[in-house]
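S.K.: One structure, pasted below without further comment.
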Amino acid sequence: MAGGLGNVQDVTADIEAFCKEVKSTVEKHANKAYDVYTPKAFREQVVAGSNYFVKVHVGGEDYIHLRLFQDLPCNGGKRELHSLATHKTAADEILYF
């Protein structure tokens, strides 16, 4: 559904690659290096491009949520980290932020 947040999905190869592309930016924003960095699930929001809200396991009981944006191909298809939320757990729902 355009504009709405889609259902939770298992991580695809593309989402895993996208998360790896932005890992250094994530670490910079979080002011922390992650030895463990494993995307677990995501939700998609179709806008003028796509927002991906991704739950990432970062070790122990700790998770972070990433908001990733991919522009439309006609606009260059740029992929970037929009924002992140730290101090998450496995039980935390993936929500818009």
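The values are calculated or read from the model by the stated rules, or taken from the named source; none is laboratory data. Here the structure is a predicted model, which is why all the values come from computation and not from measurement. Cβ coordinates were reconstructed from backbone atoms using ideal geometry, including for glycine residues, and neighbour counts include every protein chain displayed. Keep in mind that these areas ignore ligands, DNA and RNA; they rest on the heavy atoms of the full protein, side chains included. Shrake-Rupley method; radii C 1.70, N 1.55, O 1.52, S 1.80 Å.
S.K.: Restricting attention to the stretch 1-41, which residues are touching a Cys at 6+ places or on another chain (Cβ under 9 Å) and within 17 Å of H82 (Cβ to Cβ)?
M.R.: Passing the criteria: V26, P39.
S.K.: Pull up the stretch 49-85, narrow it to residues that are farther than 16 Å from L5 by Cβ and of a type in the set (A, V, I, L, M, F, W, C), then point me to the one that is surrounded by the fewest Cβ atoms within 10 Å (Cβ to Cβ). Let's see the steps before the verdict.
M.R.: Just the residues of the stretch 49-85 that are farther than 16 Å from L5 by Cβ, to begin with: 56-64, 71-81, 84.
Next, only the ones that are of a type in the set (A, V, I, L, M, F, W, C) stay: 56, 58, 64, 72, 74, 81, 84.
Working: V56: 23, V58: 19, I64: 21, L72: 12, C74: 7, L81: 19, L84: 19.
Across the stretch 49-85, the extreme among qualifying residues is C74.
S.K.: Turning to a different aspect of this structure: Read through the list (1) under 18 Å from V26 (Cβ atoms); (2) without any contact (Cβ under 8 Å) to a residue 60 or more places away in the chain, then give the number of the only condition that R79 fails.
M.R.: Failing condition for R79: (2).
S.K.: Are any residues in the stretch 34-48 open to solvent by less than 80 Å² (accessible area, probe 1.4 Å) and at pLDDT 95 or above, and if so, which ones? Give the derivation first.
M.R.: To start, the set of residues in the stretch 34-48 that are open to solvent by less than 80 Å² (accessible area, probe 1.4 Å) comprises 34, 36-39, 41-48.
Once the filter is applied, which keeps residues that are open to solvent by less than 80 Å² (accessible area, probe 1.4 Å) and at pLDDT 95 or above, the stretch 34-48 yields Y34, V36, Y37, T38, P39, A41, F42, R43, E44, Q45.
S.K.: Among the residues of the stretch 1-23, write down those that are without any contact (Cβ under 8 Å) to a residue 40 or more places away in the chain and exposed (fewer than 11 other Cβ atoms within 10 Å of the Cβ).
M.R.: N7, D10, A13 - these are the residues of the stretch 1-23 that are without any contact (Cβ under 8 Å) to a residue 40 or more places away in the chain and exposed (fewer than 11 other Cβ atoms within 10 Å of the Cβ).
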